[in-house]
Amino acid sequence: MEKNEILESYYAVRRSAAGNPNTPVDTLVELSKDSDCDVRRSAAGNPNTPGYTPSDEEFIITETYVAIKGTNHLWYKHNYPNVAPFYTCGCFCGSREQMISRIYSIDNLSADPAIRMRILNALDQKFKEIFRR
């Protein structure tokens, strides 16, 4: 197997590296030119990639939650008195740690974890702006 064939077979690794905020800028520049469109998309969505522009997220804000359009479902972060904030998404209900565990679980390998983490972080940021917690 030639070097290019080996590199092509690891697109999922390249895609994850492209979405990782700890990936060096020079590597992100190279990944933004990758032959795989999912790798390029992840690099384009990484805030550390030169030329990055944040997408305009659409939020739903109510008295008890903030929601954002996720990959397949709306993602909600709930705010109720005397209860720690929690998340719901599709059939998921739980803490941030449980949500992150689900994002990186083997059941979700078809979706780019970097994209889901950006959605989660945008939801957390808006929640903090609205509910101050």
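For residues that are open to solvent by less than 20 Å² (accessible area, probe 1.4 Å) and part of a helix (DSSP H, G or I), scanning just segment 92-107, find the one that is modelled with the highest pLDDT. Break it down stepwise before answering.
From segment 92-107, those open to solvent by less than 20 Å² (accessible area, probe 1.4 Å) are 94, 99, 103; that's our starting set.
Add one more test, that the residue is part of a helix (DSSP H, G or I), and what stays is 99, 103.
Working: Met99: 93, Ile103: 84.
So the residue we want is Met99.
Tell me, which residue of segment 13-28 that is assigned to a loop (DSSP other than H, G, I, E, B) and more than 28 Å from Pro85 (Cα to Cα) is most open to solvent (accessible area, probe 1.4 Å)?
Residues of segment 13-28 assigned to a loop (DSSP other than H, G, I, E, B): 20-24.
In the following step, the residues that additionally are more than 28 Å from Pro85 (Cα to Cα) were identified as 23-24.
On the way: Thr23: 18, Pro24: 72 Å².
Selected residue: Pro24.
Hey, does segment 19-30 have a residue that's touching a helix residue (DSSP H, G or I) at 6+ places or on another chain (Cβ under 9 Å), hydrophobic (A, V, I, L, M, F, W, C) and without any contact (Cβ under 8 Å) to a residue 40 or more places away in the chain?
yes
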Inset, instruction - Look through segment 29-84, keep the residues that are open to solvent by 80 Å² or more (accessible area, probe 1.4 Å) and assigned to a helix (DSSP H, G or I), and return whichever of them is nearest to Asp124 (Cα to Cα). - result: Arg41
Inset, instruction - Output the qualifying pairs, or none if there are none: Cβ atoms under 8 angstrom, residues six or more apart or on different chains, first residue in segment 111-127 and in a helix (DSSP H, G or I), second residue small (Gly, Ala, Ser) and open to solvent by 20 Å² or more (accessible area, probe 1.4 Å). - result: Pro113/Ser16; Ala114/Ser16
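The values are calculated or read from the model by the stated rules, or taken from the named source; none is laboratory data. Just so it is clear, the model here is predicted, and its values are computed rather than measured. All Cβ positions, glycine included, derive from the backbone under ideal geometry; neighbour counts span all protein chains shown. Remember, those area values only see protein heavy atoms, side chains included, never the ligands or the DNA or RNA. Shrake-Rupley method; radii C 1.70, N 1.55, O 1.52, S 1.80 Å.
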